[in-house]
Amino acid sequence: MARRVVVVSGAGGFIGRWSVPRLIGGGYEVHAVAARAPGGELPAQLSGAEIHYADLLREESVDALMQEVRPSHLLHFAWVATPGAYWTSPENRRWLVASQHLLQSFQGSGGIRAVMAGSCAEYDWSRVGVCYERSSPPADGGGAALTAYAECKIAMQRALADFGSVRHLSTAWGRIFFQFGPDEHPDRLVASVIMNLLSGREALCTHGRQIRSFLHVADVGSAFAALLDSVTEGPVNIGSPDRISVAGLLEEIAVQIGRPELVRLGVRSAPPAEPLLLVPDVERLYNEVGWRPQFGLHDAIADTISWWRQRAGAS
């Protein structure tokens, strides 16, 4: 069997950690790159992986890592991800440059396949409802405002494809839609609503008519592992074919917790540019990659509530 050694960047992050169990189960030797200082607590999902502490924004650190590991595969999640701030952060441009160097260093050390994480923010939300990888228009500053995050992700996807074509490197790009699950940042929608309801506080929300596609974060990580392990190239939407309104999602959370009266829809204003319909076409993920989720929406919500309940010590 060909050598299967993968470097996973951002492996301690919300999504990256969940790719590791499937990669190990698939026979990969996993080298997980974490930003935390040695001695810090790492996610349980990284058990079985070799841990590396490296600053991926420093070229010499990246080169040393690649020369040490000499991976055959690269799964790249690391990027600025602070809720709210990442849309406009100047760190996006630093990560664009750093990711390009990471790719070059990986290929130069003998790498054969690279998969990187993108975003549904790459699509022009003012002109699409259902997003198709090969035909939906990108966010280009024409139909909708182009954020620094979207601009840099679009640039990195194109750089990945061009580099792969010139250097004969197999590449793919996973465009993440909407996810939730254990250890999500408490300022994000699902986590904040669950915490409020478990504490007996009202959850103040927008109208909730937005139609979305949601996945449990473990399934997002698993989908990336499957994409890396496939021969599929180019952009691939990472999402679910199931559609649900945000109101429907929040109502299901409230029913499972037993506090439906605490969800207050329509109290907050929705962002003016937020589309009512934003969902992925997942034909490539389902039929080319051959991936399926582990969690249905009901069980994904139940698992997430259970995690937050245990953390909060609620009964």
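The values are calculated or read from the model by the stated rules, or taken from the named source; none is laboratory data. Owing to the predicted nature of the structure, the values given are computational and were not obtained by experimental measurement. Heads up, the Cβs are rebuilt from the backbone with ideal geometry, glycines too, and the neighbour counts pull from every protein chain shown.
Quick rundown of the values:
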| quantity | calculated |
| --- | --- |
| Residue, modelled with the highest pLDDT, within segment 3-39, restricted to residues that are within 13 Å of Ile51 (Cβ to Cβ) and surrounded by fewer than 17 Cβ atoms within 10 Å (Cβ to Cβ) | Ala35 |
| Single unsatisfied condition, Ser192 versus (1) small (Gly, Ala, Ser); (2) free of Cβ contacts under 8 Å to residues at least 12 places away in the same chain; (3) closer than 30 Å to His101 by Cα; (4) surrounded by 15 or more Cβ atoms within 10 Å (Cβ to Cβ) | (3) |
| When residues of segment 231-258 are limited to those that are assigned to a loop (DSSP other than H, G, I, E, B) and in contact with a strand residue (DSSP E or B) (Cβ under 9 Å, 6 or more places away or on another chain), the one farthest from His168 (Cα to Cα) | Arg243 |
| Any hit, segment 96-116, residues being basic (Lys, Arg) and surrounded by fewer than 19 Cβ atoms within 10 Å (Cβ to Cβ) | no |
| Any hit, segment 113-134, residues being of a type in the set (Val, Ile, Thr) and out of contact with any His (no Cβ under 9 Å at 6 or more places or on another chain) | yes |
| Condition check for Gly111: farther than 17 Å from Glu274 by Cα, part of a helix (DSSP H, G or I) and either free of Cβ contacts under 8 Å to residues at least 12 places away in the same chain or not assigned by TED's automatic domain parsing to the domain that holds Ile253 (or both) | no |
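Yes or no, residue by residue, for (1) among the aromatic types (Phe, Trp, Tyr); (2) under 17 Å from the mean Cα position of the chain (by Cα):
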{"residue": "His76", "(1), (2)": "no, yes"}
{"residue": "Leu103", "(1), (2)": "no, no"}
{"residue": "Met116", "(1), (2)": "no, yes"}
{"residue": "Ala121", "(1), (2)": "no, yes"}
{"residue": "Trp125", "(1), (2)": "yes, no"}
{"residue": "Cys131", "(1), (2)": "no, yes"}
